[in-house]
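Taking it in order: structure first as structure tokens, then the write-up.
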Amino acid sequence: MTPNLRSAGPDDLAAVAALSGQAFSVSPSPFDPASRPYLIADERRVVAEVDGRVVAHAGAWSFGQWFGGGRLACAGVAGVAVAPEHRGSRIGSAALTRLLQLAREGGDVIASLYPMNHHFYRAHGFELSSVRRRDRIPTQALRGLLPPGGGRADGLTVRPVQPGDVDGIEQLMPRRARGANGLLDHDRRWANRYAGQYPPAGYAWVAVDRDAEVRGYLQIEHTTATQPEESFSLSVEELVADDVAVQARLWRLVGSDHPGARSAQAHLPPGCLPRLMVEPVITPVSGITQMSRVLDVEKALLCRGWPAGASGEISFEITDPMFPDNAGPLILAVADGVPDVDRSPPGPGRTTLATSIGTLTSLLTGYLDPAIAASSGLLPGVTDAEVGTLRGLLAGPAPETVEYF
Ligand SMILES: CC(C)(COP(=O)(O)OP(=O)(O)OC[C@H]1O[C@@H](n2cnc3c(N)ncnc32)[C@H](O)[C@@H]1OP(=O)(O)O)[C@@H](O)C(=O)NCCC(=O)NCCS
């Protein structure tokens, strides 16, 4: 039976909440009608109906995802679910394809998601692109944390988040993301969660400077105790700081829950203050991979940042069954960090790298090292010189993500 695909509307929320509750077993459902002001906008959610009943859903948050210092408009795909009795009949594929088409038409350059089902997403051009790691740290180690060189007199005030802080929090995100690979900035609906309204169980603070500018943001949740003698445990959902003094202040706030909470789970990337000061007490907890798919190859190559001073030229032959505009020959030329894209076929004597949209995505995000791609057979015929060029152009920190969506 051919499903009827359409954009979601307010009347679909109960059906979508039931679908996602059944598919993901989370309570409360992320599509609970009570959460409506903070949900993905209706026009960025697709439902499929069979016999007038909603049997599938797919949605896309509106994010910016940063690579090499450049921002790609990103569809953060979430809530992809099909009613069990309709699975395996390509309804999920139809809903996801329609969602990605809408996202591309709306200007999104990349789509990213946390897969429960790698095979399903690979079949639609997604490939591994980033990791969301969680570590555990004893809160005791955070209580007195100071920046290298010390100093508590930072001129900061830390206070609970108020609704008027949303602008300041939103502006923090791109400042952090510029120096990394894979981090996100957020649309207003997502940012509104930070105002302490959603999720209701969370606690959130901002650090403001003497000019009342938001310089840092902390969101934590209380979770079930994981260590002996603690009443509860902490989950640091977000800790964003403009500089190391702000970081220190917010980590000390996390530590202030000692001994009620003896441990906190958090994202502790290389170079963060706890790693610099108290590395030996940090233990890894989990790491989940993100998958991404470039929706618009030319825009992705032009919007991604390239290292200042880096130059090089590479010729690709791209396959992309879903978006034929992406497919075919493409020459990327970067001169002193400035990219240019040429769609004309390479001249005689030029080698061309045959690559799928998935492999290209994995390379562009910095997740897949070109030499490893070569040795895995993902770039047939690539030369050592081309591997060197790609490595020079794609150099940067390993991609990491913080938010779960
Ligand atoms: C995953 C899901 C959305 C797929 O939708 P669907 O309508 O059942 O899948 P389709 O019939 O469109 O299948 C498309 C492709 O994915 C593959 N696929 C679908 N479900 C699969 C599964 N559970 N395991 C492995 N592959 C699967 C199909 O074999 C097909 O691959 P092919 O093109 O190589 O033949 C659906 O099964 C579902 O709702 N699952 C529970 C929730 C979930 O896992 N959501 C994804 C969360 S990130």
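The values are calculated or read from the model by the stated rules, or taken from the named source; none is laboratory data. Remember, predicted model here, so these are calculated numbers, not experimental data. Glycine gets a Cβ as well: all are built from the backbone with ideal geometry, and neighbour counts include every protein chain shown.
Below are the figures for this structure:
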item: Single residue of segment 256-310 satisfying the filter (at negative phi, outside the structural domain of Q227 (by TED's automatic domain parsing) and without any contact (Cβ under 8 Å) to a residue 40 or more places away in the chain) that is farthest from the chain's Cα centre (by Cα); result: A308
item: Residue that is nearest to L183 (Cα to Cα), among those in segment 44-101 that are within 13 Å of the ligand (Cβ to nearest atom) and of a type in the set (S, T, Y); result: T97
item: Strands (runs of 3 or more DSSP E) fully within segment 249-336 counting 3 or more residues that are under 20 Å from L368 (Cβ atoms); result: 283-294, 312-319, 328-335
item: Residue in segment 102-115 that is assigned to a strand (DSSP E or B) and within 8 Å of the ligand (Cβ to nearest atom) present; result: yes
item: Residue tally, condition in a loop (DSSP other than H, G, I, E, B) and either surrounded by 12 or more Cβ atoms within 10 Å (Cβ to Cβ) or within 13 Å of the ligand (Cβ to nearest atom) (or both), over segment 6-40; result: 10
item: Tally, over segment 3-35, of residues that are of a type in the set (V, I, T) and within 15 Å of A83 (Cα to Cα); result: 1
